[in-house]
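This report refers to the structure that appears directly beneath it.
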Amino acid sequence: MLTKLAAKAGAATAVAATAGALLLGAAAPASAATPASDAGTQAICGYYSSGGKGYYNHCGPTNITIHVEYTVGSDNLCVTPGVTSLGYFAENAWYTGLC
């Protein structure tokens, strides 16, 4: 009985891990982006917030345009590779093209 339960649990874990790997490889919103190293600290590629402040970490090699949604209004910004501070009122941001 325990062997059957362990086998089912192992299969469920394998399915969940495979689904997670597929999701990480697929196009996803910036808020669901993959982790990257940033000057020795953990940051994610794309939009994230920390300490009430919004950031966009561009992990690619070129300059890109991002669309930023603020508490009131929005803006398009050209950002360079690395972390860009978006301020305290940024609520989300995403890639829109090259600049």
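Could you list, in sequence order, all residues of the range 61-73 that are touching a residue at least 12 places away in the same chain (Cβ under 8 Å) and surrounded by fewer than 12 Cβ atoms within 10 Å (Cβ to Cβ)?
Keep residues of the range 61-73 that are touching a residue at least 12 places away in the same chain (Cβ under 8 Å), which gives 61-72.
Across the range 61-73, the qualifying residues are 61, 62, 71, 72.
Could you go through the range 74-86 and let me know if any residue there is modelled with pLDDT of 95 or more, surrounded by 13 or more Cβ atoms within 10 Å (Cβ to Cβ) and among the charged types (D, E, K, R). No: the range 74-86 contains no residue that is modelled with pLDDT of 95 or more, surrounded by 13 or more Cβ atoms within 10 Å (Cβ to Cβ) and among the charged types (D, E, K, R).
Scanning the range 76-88 for residues that are part of a loop (DSSP other than H, G, I, E, B) and in contact (Cβ under 8 Å) with a residue 24 or more places away in the chain yields a total of 1.
The values are calculated or read from the model by the stated rules, or taken from the named source; none is laboratory data. Predicted, not measured: the structure shown is a model, and the values here were computed from it. Glycine gets a Cβ as well: all are built from the backbone with ideal geometry, and neighbour counts include every protein chain shown.
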